[in-house]
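What follows is a short report on a single structure.
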Amino acid sequence: MKRFFSVDDVANLDVLLQEAIHIKKNPLQKSELGKGKTLGLVFLNSSLRTRLSTQKAAQNLGLNTIILNANQEAWTWEFEDGAIMNGGTVEHIKDAAQVLSQYCDIIGIRCFAGLTNKEEDTSEKVFSLFEKYASVPIISLESATLHPLQSLADCITIEEQKPINKKPKVVLTWAPHIKSIPHAVGNSFAQWMNKTDCEFVITHPKGYELDPKFTQNATIEYNQEVALQDADFVYIKNWSSFEKYGKILETEEDWMLTNEKLKVTNNAKIMHCLPVRRNVEVSDEVLDSPNSLIYQQANNRTYAAQIVLQKILESNENA
Amino acid sequence: MKRFFSVDDVANLDVLLQEAIHIKKNPLQKSELGKGKTLGLVFLNSSLRTRLSTQKAAQNLGLNTIILNANQEAWTWEFEDGAIMNGGTVEHIKDAAQVLSQYCDIIGIRCFAGLTNKEEDTSEKVFSLFEKYASVPIISLESATLHPLQSLADCITIEEQKPINKKPKVVLTWAPHIKSIPHAVGNSFAQWMNKTDCEFVITHPKGYELDPKFTQNATIEYNQEVALQDADFVYIKNWSSFEKYGKILETEEDWMLTNEKLKVTNNAKIMHCLPVRRNVEVSDEVLDSPNSLIYQQANNRTYAAQIVLQKILESNENA
Amino acid sequence: MKRFFSVDDVANLDVLLQEAIHIKKNPLQKSELGKGKTLGLVFLNSSLRTRLSTQKAAQNLGLNTIILNANQEAWTWEFEDGAIMNGGTVEHIKDAAQVLSQYCDIIGIRCFAGLTNKEEDTSEKVFSLFEKYASVPIISLESATLHPLQSLADCITIEEQKPINKKPKVVLTWAPHIKSIPHAVGNSFAQWMNKTDCEFVITHPKGYELDPKFTQNATIEYNQEVALQDADFVYIKNWSSFEKYGKILETEEDWMLTNEKLKVTNNAKIMHCLPVRRNVEVSDEVLDSPNSLIYQQANNRTYAAQIVLQKILESNENA
C-alpha cells in the first residue's frame, strides 16, 4: 500500500480484514517494524478516537509518533496556488507538506469538509494538495468526503459479528442532529459496504441523498421502517444535505433510532462511529443495549490503523 | 493497587513511601515493566508538574503515553445521564471513558472542581462517572476534592526530611490569594497527614474550614502564630471557603507567610505544591530560603507517579 | 557543549558541520545515547519545523521528549523578580524553570521577541532568566534575538552546496512583509556567517539595520542589485526596524525577490528559513526553482538539532 485515502487503495479487502483480525490477536507481533521511523499526525480538526487509536497502532509497530495540532501549535495554512500571501495565512500548504515530509516517514492528516464550498470539498482540495506536495505516503485521518480508517474498522467489526451462512443485511440510517455535519462517514461507509458481500440499504429523508459517486448502486429507501426490515446491522449517522450543500433541511426528529423501531430488524447489531448526540440521533436504550457494537468499533480503530501502517511500512521496505 | 483516587487506595502507606524512595535511587530498575502498554493522560484543566512528572514516570517504566487535552483537542463532554444532547456538548463522558479504555491500559484524568455546584464537586461527579464507565484502572491527576499524587509526593518529601527520633509537627497554613481556588490540595494533604505519624495542625481564618470528611480529628487553630509554634514543616496553600462554597471571604493579606512569622517554628522546612503566587501567598524570602522544599516536592512527583503506576501494572499482571 | 544559545557555544564550527553531515548519513548510529533521558521542549510561541525536527532528532538519539505548550497547557508566567503576583500571571519563571529541571535532562525553549520593549528583548530577558534558574542544559529553540538551530542548519546546507575551490559569496537580503517580524533569524544568520569562510553581504533598505552586535564587520549594501552581484547564495528574510524598534517603515514592495533580480547572481542558490509569505517576500518562481534549497534547509534542521543534543549528552556523560 502506497497511501490510504479510500477503499480504492485496498488491493483485496477480504484479505485485509483477515489480516487485521489476525493483528488483533497479537498486536505486538511486528513491534520492531517501525523502528527508527516516524509517523506524523496532522490535525486541522478535533479528534479523539483517530488521535488515540492511530498513536496506539504506531506504538504497537515500534513507530515513533509526532503530533501537530496545525492551527493551534504552528501556522495558518494558505491553499491557493500562486496566492499573494499578504493576508491572514502564514504558511503555504505546499511548504508545510514538503517540510513535514522531511521529518516523517508517513503522514496522517485530518481535514474536514468546510461545508461552505461544495466544489472545494468534493474535489478534496486540502487532502489532494497536501498529498501532491508531500514526498512520503499519506494517510487520511478523515478528509472532506471520506473517513477510510473508520470504515475499515467498521468492516472489521461486521466481519467479526456477521451471521454465519447468510449474507448480512446492513442498513445505514440517517439520524437527526442539531448541527451541519459532513458527509464523510456516510459516504465512506457506503463506499466500503459496496465492496463487501452484503445487502446494503441506505435510508434517509428526501433531500439527504449522499453523493452517488459513493453510494453507487446501493438501495436507497426513503421509508425508514421499510429499510430496517430484517436488518442484521444498523449503522446510525447524521449528515447535512449534499444537494443543498451543508444545509440542515426541516427537522426530522422522528428519524431518531429507538428500540421500538428496531423491532422489525433481525435483532440487529447497532453501529455508530462516535461521537454520538445521545437521545437526538439515537436513544440511550439502543446505544447501551447488548446489541450495541459502538465500543468494539472504537476498539477496532486501532487494528484498522495498524494494518494500514504495517502495509505502508512493508511496501516502503520493498521499494 | 487497582486505582488511585485517595489515600484509601493505599494498602500500607509506610511501605509505599519506602518503595518510592527506593525507586528514586534507581528510577530505571523496572524499565521493561510497562513495555507494550499505554498510559492515557486526560486533561480537562491546565497542568505542568502533573503532566510532566507522570510522563517521566511512565518513561521510566517503559510505558507509552498518550496525552489528550480533552477540551482543546477533542470534544466537549456531557455529564448528565439520559441527557438529550441537543446543546453545546458533543460527546457523553460515558462514551469517552469507554472509548479511551479501548486504547489505554491505565488512564489518568484531571478534573478540577468547578466551585459553582458544591454537591457536584463533593460527590466527585466527573471522576466518578469517568471511572464508572472506564474499563481500565483510573488514576486521579487531581479531582474535584483531592490531589493524591501531590500528597504522596509531599509524604515522600516529609519522610526524607523529617527529624530523627521525633514525631514531626506539620502545619498546613491557609494563605491569601486573589482567585477562588479549589480545596483539593488542602483536603488531600490533610487526608494523607492523618495517616502518618505526626502532629498535624491546620490553621486558617474563620470561615475557611475544610470539609471535615478530610480533616477528621486534625487540630484546627485559628491563630496562625500559635499554630506555627515549634513547627517542623509548614505547608502553605490557599483555598476558597467550603461553607460559602467557592467564595473568597474578606481579604486576609496578613496571612501571607514571611520569615518573621517563621521565627516561632523549629527552623521549619517550607512546602508548597506550586504554582505559587509569590509575595501574595508567601514571600520570596521564604520560598527561596535554604529551608524551602518546593523543588524537592516537585521532583518527588515523578516517584509518586512511578510507584503508583508500578503498583497498578504489577496488580494487573497478577490479575 | 554545555548549552546552545548562539554560535559562541560552538567550540569549532567547521568540525561541528562535518559531524552533522556525518550524522545525516547514518542518523541512528547513536540511537542508545539518550536512553532513559528526557528532553523537554517548552513553547511560548508557535512552531512547526523546530517542534518536529527536534523531536525527530531526539528520537534518533533514543531520547524521550516531553512537550509543553506553556501558555495553552500550563500557566502564564511572571518574569519580574520580586513581583507581587496579584495579577494575571500564575507561575514565576523561576519556579517553572526549576520545576522543569526536575523532570528533564535537557530543556529547549522558544521565546520570541515581544518587539515592544527593546531593552527586554536585546537583553534576552526570558531566555536568560529561564537558563539562570534551570539546573540542566538549555537549548534555544529561537529566542528574542537569535535562532541558532536554524543558523546551524543553514551552515550545514551551505557547506553541502558551496562551490568547490571558491570562497562563496553569501547575500542576506531583507524582504517585504505585512507584519512586524523579529530580528532573530537575520541576526543569527549574520552571526554564524561571520564565523565561516565566505564573502558575506547584507542588503536592506535604510532604516532596517540589524543590531551591529551581530552583523559586526559584514558588508552592508543598501542597493539590493549591487549586493546580489555574483552571489552564490541568497538568503531571503524579513525583519522589522531595529532602530525604530519593531516598526515597519514605509512599504518597500520592490524588495521582493524575483528571478529577474537573480540574473546578476552566480546562478545563486536560494535560502529561506520558512514559513515564507509567498509572492510578498519572494516570488513562487524563485522558491520553486531547482536552485531553491528551502526544503534541504528544513531537512537539515534535524541534523542541526541532533548534533547539538548529542554534544550536550556526551558532555554530560563526561561530567
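The values are calculated or read from the model by the stated rules, or taken from the named source; none is laboratory data. Keep in mind that what you see is a predicted model, and the values were worked out from it rather than measured. Glycine gets a Cβ as well: all are built from the backbone with ideal geometry, and neighbour counts include every protein chain shown. We work out accessible area using only protein heavy atoms, side chains counted, and drop any ligands, DNA or RNA first. Shrake-Rupley method; radii C 1.70, N 1.55, O 1.52, S 1.80 Å.
Each residue in region A:48-70 was checked for being within 11 Å of chain B (Cβ to nearest Cβ) and under 17 Å from C:LEU274 (Cα atoms), and 0 of them qualify. Of all residues in region A:228-253, those satisfying the criterion of being farther than 24 Å from A:ALA144 by Cβ and out of contact with any Pro (no Cβ under 8 Å at 6 or more places or on another chain) are A:LEU228, A:GLN229, A:ASP230, A:ALA231, A:VAL234, A:GLU250. Only a single item in (1) free of Cβ contacts under 8 Å to residues at least 40 places away in the same chain; (2) within 14 Å of another protein chain (Cβ to nearest Cβ); (3) farther than 23 Å from C:LYS94 by Cβ is not met by B:GLU252, and it is number (1). Just one of the listed residues (C:LYS206, C:LYS162, C:LYS195) is under 26 Å from C:THR116 (Cα atoms) and charged (D, E, K, R), namely C:LYS206. May I ask you to verify whether B:ASN86 is open to solvent by 30 Å² or more (accessible area, probe 1.4 Å), within 13 Å of chain A (Cβ to nearest Cβ) and in contact (Cβ under 8 Å) with a residue 24 or more places away in the chain? The answer is no for B:ASN86.
Taken together, A:LYS94, A:LYS125, A:LYS35 contain a single residue that is under 27 Å from B:GLY34 (Cα atoms) and either at pLDDT below 95 or basic (Lys, Arg) (or both), which is A:LYS35.
Under 6 Å between Cβ atoms, at least 6 apart or on separate chains: pull out the pairs that start in region C:215-226 with a residue that is within 22 Å of C:ASN259 (Cα to Cα) and end on any residue that is part of a helix (DSSP H, G or I). Between residues of region C:215-226 that are within 22 Å of C:ASN259 (Cα to Cα) and residues that are part of a helix (DSSP H, G or I), the close pairs are C:GLU221/C:ALA227. Taken over region A:241-269, the residue count meeting the criterion of being surrounded by fewer than 17 Cβ atoms within 10 Å (Cβ to Cβ) and in contact with a helix residue (DSSP H, G or I) (Cβ under 8 Å, 6 or more places away or on another chain) is 3. Screening B:THR38 against (1) in contact with a Leu (Cβ under 6 Å, 6 or more places away or on another chain); (2) more than 21 Å from B:ALA153 (Cβ to Cβ); (3) at the interface with chain A (Cβ under 10 Å from one of its Cβ atoms) leaves a single unmet condition, (1). Of all residues in region C:287-308, those being in contact with a strand residue (DSSP E or B) (Cβ under 9 Å, 6 or more places away or on another chain), among the aliphatic types (A, V, I, L, M) and within 13 Å of chain A (Cβ to nearest Cβ) number 4. Using beta carbons and a limit of 9 Å, which pairs, at least six apart or on different chains, have the first residue in region B:100-126 and at positive phi and the second one among the β-branched types (Val, Ile, Thr) and open to solvent by 20 Å² or more (accessible area, probe 1.4 Å)? Pairs found: B:LEU115/B:ILE181. Scanning region B:261-288 for residues being in a loop (DSSP other than H, G, I, E, B) and either under 17 Å from B:PRO163 (Cα atoms) or among the aliphatic types (A, V, I, L, M) (or both) gives a total of 8. Considering each residue of region A:75-84 in turn, at least one proves to be among the polar types (S, T, N, Q), under 30 Å from B:ASN71 (Cβ atoms), at pLDDT below 95 and in the same structural domain as A:GLN310 (by TED's automatic domain parsing). Determine whether region B:210-226 contains at least one residue that is open to solvent by 20 Å² or more (accessible area, probe 1.4 Å), part of a helix (DSSP H, G or I), β-branched (Val, Ile, Thr) and more than 22 Å from B:LYS195 (Cα to Cα). Yes, because at least one residue in region B:210-226 is open to solvent by 20 Å² or more (accessible area, probe 1.4 Å), part of a helix (DSSP H, G or I), β-branched (Val, Ile, Thr) and more than 22 Å from B:LYS195 (Cα to Cα). Filtering region A:289-306 to residues that are open to solvent by 20 Å² or more (accessible area, probe 1.4 Å) and assigned to a helix (DSSP H, G or I) leaves A:TYR295, A:GLN296, A:ASN299, A:TYR303. Might you check whether a residue that is aliphatic (A, V, I, L, M) and either outside the structural domain of A:GLU160 (by TED's automatic domain parsing) or under 26 Å from B:ILE93 (Cα atoms) (or both) occurs anywhere in region A:214-229? Taking every residue of region A:214-229 in turn, none turns out to be aliphatic (A, V, I, L, M) and either outside the structural domain of A:GLU160 (by TED's automatic domain parsing) or under 26 Å from B:ILE93 (Cα atoms) (or both).
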